[in-house]
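Read the figures in this text as sums done on the coordinates, not as results from a lab. All values derive from a computational prediction rather than experimental measurement. Cβ placement follows ideal geometry from the backbone for every residue including glycine, while neighbour counts extend to all protein chains displayed.
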Amino acid sequence: MRTDDRKTISIWDIRAKEIQTLGNKLKLEYQWVAEDHVEILSSYLNERLSDMTFGLCHGTRRGAEQGWFTKHLTGHPAVIGTEISDTATDFPATIQWDFHDTKDEWTGAADFVYSNSWDHAHDPYKAFGAWVSSLKPGGFMFLDHGPNYDPKRVNELDPFGMSLKGLETLLNQQFDGIGSCVEVIEGGMHKTIPIITLAFRKHATA
């Protein structure tokens, strides 16, 4: 890679962070997902995993999701959320973090990773790679989906859109031999719009 290529990527990363931070602040009072949806996902995990200790929620804005997971999961494991904006630390169990990046102490540590903000990724392969690397063997990654993730709705704030089938294909190809998509979970609403969730599971021997 040439030096000028590295500079271009660096400038893009900075620009993307600025856009996401501004978008966060403009929508700070807006909560996309409701507690009943997180409760459904928690029940799914409770039926399949035991002795859960740690979970990650990426792009959580006000931190509601991690609080609801902690409330509804058996054993009340530690669940933290990430948010790229400097408003992150204004909210409980939330750290300021770019979800494209890996954190050493998360590697292989999470029983689950959840996000309804994957459409904010400017490099989805990097983001998904970081998230899957965080999973314990047998752990789950949950990605919400609905009409708002349509590729036709891509913009500067939401630079990545994909159909449910396309997302499933992408994950199965990217993580072939590491894990696979195992189910589409129905349940929960965003106002009048049904939310579905693609469940990816890391192989137990990964």
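Worth pointing out:
- Counted residue by residue at 0.36 nm each, then reduced by the alpha carbon distance between them, the extension gain from residue 104 to residue 204 reaches 34.0 nm.
- With both labels modelled 7 Å from their Cα along Cα-to-Cβ, the residue 150 to residue 46 distance reads 3.6 nm.
- With a Förster radius of 22 Å applied to the C-beta separation of residue 172 and residue 196, the computed FRET efficiency comes to 0.80.
- Violating pairs (Cα-Cα greater than 19 angstrom) within the set 126/191; 152/191; 126/202: 126/191; 152/191
- A crude spin-label estimate for the pair residue 184 and residue 53, with each label 7 Å from Cα along the Cβ direction, gives 3.6 nm.
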